[in-house]
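The values are calculated or read from the model by the stated rules, or taken from the named source; none is laboratory data. Keep in mind that this is a model prediction, so the values were computed, not measured. Note that we place each Cβ from the backbone using ideal geometry, even for glycine, and neighbour counts take in every protein chain shown.
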Amino acid sequence: MLEPIKSVLGKGSSVRFDFTYSVWWNILLISVGATISSIAVKSLAVPHEFLAGGVFGLASLLYYKSGILSPGWLYLVLNIPLFVFAWIKVSRRFFWYSLYATMATTAAYELIDLPMTVHNHLYAAVACGALMGFGAGMVLRSLGSNGGLDVLAVYLFQRFNIGIGKVYIIFNGILFGLSIFELSLDTIIASLILVFISSTVVEQTLSMFNQRKVVLIISDHVEMISHDILHEMKQSATFIKGQGAYLREDKNILMTVVNNIQLKKLEEIAFRHDERVLFIVENTFSVIGSSFSRRKVY
């Protein structure tokens, strides 16, 4: 059984800048992300009559069949009950940021006209999915949301630990089921490709700057290795008390968390002191607290 015994925290440890709760940073993320998503919908999804999924997809379907309002305005109207829910059930901060995201999406859709001449259905679906996913991912990196289904999905995740992806799967399943009677099968299949690519890109965007490597170093020279990690890399580390299964000898295991750029330098330090060192690397996408990112509270 592993037992943490002490942390190696040098005075020169690097300070990580965290803008998570900065208003200007959240506004910037939301503004850029909402603009990119709106351009993707207006320039690629609507001309090909794709369903983008979520509430915007529902707004697009209503627009294709009624034409009473543009998808941007329909999206705003459909968001009204969801924002009442966000105000009551989530938080005021989440409400205001999400409201701003919705207003920014509507404004960008109505004001920005950037035609993209893509005739092939498949190419348009791939391009639209990539742009929408990147834009939506940027917004979700903020303390708000894209509005729409995100509001309900965030609440269910916080309250009942129901994955955001599951909420989207259920809603989009119903939406695409209804669209079978309204749209051609080719358009529905292209829309499914769009939604799949968009979801994948969202996940990649959310993890783009969060990916870290948890490294365990097992060696008889961990003291010297930890010294170089502290002074050369300006990086913290932790000793974990362990015991060899064969000889039953007690030894310290060194654990640290680094990014992809730091990993090679850490490897060089470890093998410089011990050619027989056991160097274990694990991927992780959530490191919060201490000198890393602050816990995200909506």
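Which condition number in (1) among the hydroxyl-bearing types (S, T, Y); (2) farther than 22 Å from V126 by Cα; (3) touching a Gly at 6+ places or on another chain (Cβ under 9 Å) is the one that S38 fails?
For S38, the exception is condition (2).
If we only count helices (runs of 4 or more DSSP H) wholly inside segment 1-91, which ones have 3 or more residues that are surrounded by 15 or more Cβ atoms within 10 Å (Cβ to Cβ), β-branched (V, I, T) and modelled with pLDDT of 85 or more?
Result: 23-40.
Among L156, L140, which is under 30 Å from Y21 (Cα atoms), surrounded by fewer than 20 Cβ atoms within 10 Å (Cβ to Cβ) and among the hydrophobic types (A, V, I, L, M, F, W, C)?
L156
Name the single residue, out of those in segment 212-248 being among the hydrophobic types (A, V, I, L, M, F, W, C) and assigned to a helix (DSSP H, G or I), that is nearest to V258 (Cα to Cα).
Only one residue fits best here, namely I229.
Checking the conditions here, which among N120, N172 is surrounded by 15 or more Cβ atoms within 10 Å (Cβ to Cβ) and of a type outside the set (F, W, Y)?
After ruling out the rest, the residue left standing is N172.
Being in contact with a helix residue (DSSP H, G or I) (Cβ under 7 Å, 6 or more places away or on another chain), in a helix (DSSP H, G or I) and more than 23 Å from L28 (Cβ to Cβ) is the filter here, so list the residues in segment 97-152 that pass it.
Within segment 97-152, H121, L122, A124, A125, V126, A127, C128, G129, L149, L152 meet the criteria.
Just wondering, is there one or more residues in segment 200-207 that are free of Cβ contacts under 8 Å to residues at least 24 places away in the same chain, closer than 30 Å to K89 by Cβ, among the β-branched types (V, I, T) and not assigned by TED's automatic domain parsing to the domain that holds K251?
So far as segment 200-207 goes, no, none of its residues is free of Cβ contacts under 8 Å to residues at least 24 places away in the same chain, closer than 30 Å to K89 by Cβ, among the β-branched types (V, I, T) and not assigned by TED's automatic domain parsing to the domain that holds K251.
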